[in-house]
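Q: Please see the structure below; I have some questions.
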Amino acid sequence: MFGLKKSSATRAAERFFKERRVKVIFVDLGARPIARGELGRFVQKFGLTALLDLNGKAYESLGLAYLRISEERLTERVIEHPEVLRLPLVRGGKLLSVGEDPQGWAAMLAQD
């Protein structure tokens, strides 16, 4: 699970898995950036714009709504500023989910 400690959706995901006694490996994107390859998995499935929190303060303050930049440069910005993502990004086996998605998380648990 990738997220930020201060994100309420990330805390909800942690609580969801903890209540079901599922061990989760948590990567705090505030302390350690997401690997380009790991981000690529989510981009491949959902598309880069689906991963962005288009209504968030960080997206607005970075001016991403107004900039016309390549997907490569946007990916770099996302790695530098993870707060523009819809968090958490959760990977369970081959299943992926973005944002607060209890149904997706439950599907991850059901596949085991």
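The values are calculated or read from the model by the stated rules, or taken from the named source; none is laboratory data. Computed from a prediction, not measured in an experiment: that's the story for all the values here. Don't worry about glycine lacking a Cβ; one is built from the backbone with ideal geometry, like all the others, and counts go over all protein chains shown. Ligands, DNA and RNA are excluded from the accessible area calculation, which covers all protein heavy atoms including side chains. Shrake-Rupley method; radii C 1.70, N 1.55, O 1.52, S 1.80 Å.
Q: Using the heavy atoms of the protein chains and a 1.4 angstrom probe, tell me the accessible area per residue for the chain in square angstrom. Numbers along the way, then the final one.
A: Details: 6950 Å² over 112 residues.
Per residue, the chain has an accessible area of 62 Å².
Q: While we're looking at this one, here's another question. Got a number for carbon plus sulfur as a percent of segment 14-112's accessible area, 1.4 Å probe? Display every interim value, and only then the final one.
A: Working: 3120 of 6370 Å².
Carbon plus sulfur share of accessible area: 49 percent.
Q: I'd like the orientation of helix 8-19 relative to the chain: the angle between its Cα long axis and the longest Cα principal axis, in ° from 0 to 90, rounded to 10.
A: 20
Q: A further question follows. Report, in degrees rounded to the nearest 10, the 0 to 90 angle that the Cα long axis of helix 36-46 makes with the longest principal axis of the chain.
A: With rounding to tens, the tilt is 80 degrees.
Q: While we're here: I want to check the label-to-label distance for ASP28 and ARG11. Put each point 7 Å from Cα in the C-beta direction and report it in nm to one decimal.
A: If labels sit at ASP28 and ARG11, their model points lie 1.4 nm apart.
Q: Which whole-percent values make up P(r) of the chain when all C-alpha to C-alpha distances are grouped in 10 Å steps starting at zero?
A: 14, 48, 30, 7, 1
Q: Another one. To the nearest 10 degrees, how steep is helix 71-80 against the longest Cα principal axis of the chain, on a 0 to 90 scale?
A: Computed tilt is about 60 degrees.
Q: DSSP loop (so not H, G, I, E, B), at most 13 other Cβ within 10 Å: list which trypsin sites (Lys or Arg not before Pro) in segment 23-106 pass both filters. Show your work: numbers first, answer last.
A: Details: sites: LYS23, ARG36, ARG41, LYS45, LYS57, ARG68, ARG73, ARG77, ARG86, ARG91, LYS94; in loops: LYS23, ARG68, ARG86, LYS94.
Here the sparse-neighbourhood loop sites are LYS23, ARG68, LYS94.
Q: Counting only DSSP beta bridges with both residues in the chain, what percent are antiparallel, rounded to the nearest 5?
A: Details: 6 of 8 bridges.
About 75 percent, rounded to the nearest 5.
Q: So, taking all protein chains as they sit and a 1.4 Å probe, how much accessible area belongs to THR49, in Å² rounded to tens?
A: 100
Q: Report the Cα centroid-to-centroid distance between segment 1-47 and segment 66-108 in angstrom, as an integer.
A: 9
Q: Please give the calculated 222 nm ellipticity per residue for the chain, where each DSSP H segment of at least 4 residues contributes -39500 (n - 2.57) and the sum is spread over every residue; nearest 500 deg cm²/dmol? Please list the in-between numbers first.
A: Values: 6 runs with 51 residues, N = 112.
Helix-only estimate at 222 nm: -12500 deg cm²/dmol.
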